[in-house]
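The values are calculated or read from the model by the stated rules, or taken from the named source; none is laboratory data. Predicted, not measured: the structure shown is a model, and the values here were computed from it. Heads up, the Cβs are rebuilt from the backbone with ideal geometry, glycines too, and the neighbour counts pull from every protein chain shown.
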Amino acid sequence: MLRGISFTVSAGERVALIGESGAGKSTLLAVLQERYKNKSALIPQELGLVRSLSVYHNVYMGGLHRHSTAYNLLNLIWPRPEEVARIRPIVERLGLAEKLFEPVGNLSGGQQQRTAICRALLQGGDAVLADEPVSASDNHQSRIILDALTETFETIILAMHDVDLALEYATRIIGIKNQGIALDAPTRDLVRADLDFLYGGKE
């Protein structure tokens, strides 16, 4: 149960929610996702992929709102060349080009996570809410993902486990400890040591 949580996010901010596992990051992000699910692209921790469908079809779901039901059904049966051309560069950037028509259920956890990220990138919009979007990626791949997100979305709220990447990519850090906000500061005012208290020890 979160306690005493109140904050606003301005357009253009890149916010990283950090803290120990169980501190409340995912709970807070879930509240935000429920509130803004029709206004933001979402990358949930459980991913929400259809395992029997291909990477292409799962990514395409991010663009369902752009087309009629008839068009979407046609594309399910016969992928439209123009839609393949739209999606291919996105999956190529995240290292999934060879998996484009592979069923998602055959992929590794990291590849599935990147498929969900590609879906959000195709959906686009002003903002994205993501729960641990680089948890299954190495440092190099994480940077590719975070670069793509920051280039695509004006406003970003990420729950992150990698503090160094949070300091590098976010403009604002919100530290969660004991189900509440223990720190809220611009990244430019912080160094790694300022965040150590969030991971054990005294508040």
For this session: Any chance you could count how many residues in segment 10-37 are surrounded by 13 or more Cβ atoms within 10 Å (Cβ to Cβ), modelled with pLDDT under 85 and small (Gly, Ala, Ser)?
Result: 4
For this session: Just give me the residues in segment 171-192 being in a strand (DSSP E or B), out of contact with any helix residue (DSSP H, G or I) (no Cβ under 9 Å at 6 or more places or on another chain) and modelled with pLDDT of 90 or more, in sequence order.
Result: Asp184, Pro186
For this session: Any chance you could count how many residues in segment 13-34 are assigned to a loop (DSSP other than H, G, I, E, B) and in contact with a strand residue (DSSP E or B) (Cβ under 6 Å, 6 or more places away or on another chain)?
Result: 4
For this session: For segment 121-136, name all the residues that are surrounded by fewer than 24 Cβ atoms within 10 Å (Cβ to Cβ) and of a type in the set (Gly, Ala, Ser).
Result: Gly124, Gly125, Ala127, Ser135, Ala136
Problem set entry | Qualifying positions in segment 86-111 - part of a helix (DSSP H, G or I) and either of a type in the set (Gly, Ala, Ser) or under 18 Å from Pro44 (Cβ atoms) (or both) | Ala97, Val104, Gly105, Gly109, Gly110, Gln111
Exercise. Mind checking which residues of segment 38-54 are surrounded by 12 or more Cβ atoms within 10 Å (Cβ to Cβ) and either more than 9 Å from Val104 (Cβ to Cβ) or out of contact with any Pro (no Cβ under 8 Å at 6 or more places or on another chain) (or both)?
Worked result: Ser40, Ala41, Leu42, Ile43, Pro44, Gln45, Leu47, Gly48, Leu49, Val50
Exercise. So which residues in segment 73-101 are surrounded by fewer than 16 Cβ atoms within 10 Å (Cβ to Cβ) and either polar (S, T, N, Q) or touching a strand residue (DSSP E or B) at 6+ places or on another chain (Cβ under 6 Å) (or both), if there are any at all?
Worked result: Phe101
